[in-house]
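Values in this text are rule-based calculations from the coordinates and carry no lab data. None of these values were measured; they are calculated from a predicted model. Here the Cβ positions follow ideal geometry from the backbone for every residue, glycine too, while neighbour counts run over all protein chains shown.
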Amino acid sequence: MFTTVRYFVKTSIIFLITGISTGLFMSFSKYFMKQGYGYELVSAHTHLILIGSVMMMIMGVAIWFFPRAAKDDKKYNPDLILVTYIIMTAATALRFTAQVILSFTIIEWLEILVFIASMLQTLAIILFFYTIWGRIRAVGSQIREARGEKF
């Protein structure tokens, strides 16, 4: 497993633990403190787990398992993959932090920051799959399929 894959996978685990901890806080707040929580905290919790953890795990595993880029693949760029990791990590952490703060108070510029972070997450995902698109191809399976093997 190479460095960039480890970045994606380990960051995914950190986001998962943080997201689960946020859910635990929400549960404690509702059932023991009888206070509840706002939709911003629900959104922060959900996005941290689904985008920060699940999506980043998928991205990391994809670059680990997919076939190597073809020699003529002009789109695949390991440096761009690293840039998508940085954008995705920063945007997800920024969005989570801003939404946690917004769950306790209203600060208009933080609402704008949440939207910007969301756009950056979207950009990172699109860039990632644009870059990796050429690696999503048959390598050997077409030979087995031609022999009649079913998957």
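Among the listed values (i) 33, 15, 13; (ii) 37, 18, 12; (iii) 22, 17, 16, the one computed from these coordinates for semi-axes √(5λ) of the Cα gyration tensor in Å is (ii). A simple rule links phi to the HN-Hα coupling: the Karplus curve 6.51 cos²θ - 1.76 cosθ + 1.60 with θ = phi - 60°, which for segment 128-138 gives 4, 6, 4, 5, 8, 3, x, 7, 8, 8, 6 Hz, with x for Gly and Pro. Mean-square fluctuation check for the chain, GNM, Cα pairs under 10 Å: which of Thr18, Thr131, Thr105 is largest? Highest fluctuation among the options: Thr105. Between segment 109-151 and segment 35-99, the alpha-carbon centres lie 11 Å apart. Highest mobility in the GNM of the chain, judged by mean-square fluctuation with C-alpha springs under 10 Å and restricted to Ile116, Ile58, Ile106, is found for Ile106. The trypsin sites (Lys or Arg not before Pro) of segment 4-68 meeting both criteria, a DSSP state outside H, G, I, E and B (loop) and at most 14 other C-beta atoms within 10 angstrom of the site's C-beta, are Lys34, Arg68. Given the DSSP H assignment, sum -39500 (n - 2.57) over each helix run of at least 4 residues in the chain and divide by its residue total; what's the result at 222 nm in deg cm²/dmol, nearest 500? After summing the helix terms and dividing by residue count, I get -23000 deg cm²/dmol. Of Phe32, Phe104, Phe66, the residue with the greatest mean-square motion in the GNM of the chain, using alpha carbon springs below 10 Å, is Phe32. The HN-Hα couplings worked out from phi for segment 89-100 by the Karplus form 6.51 cos²θ - 1.76 cosθ + 1.60 (θ = phi - 60°) are 5, 5, 5, 5, 5, 5, 4, 4, 4, 4, 6, 5 Hz, whole numbers, x standing for Gly and Pro.
Projecting the Cα atoms of Val54, Leu94, Thr22 onto the dipole axis of the chain, where Lys and Arg carry +1 and Asp and Glu carry -1 at the beta carbon, places Val54 farthest toward the positive end.
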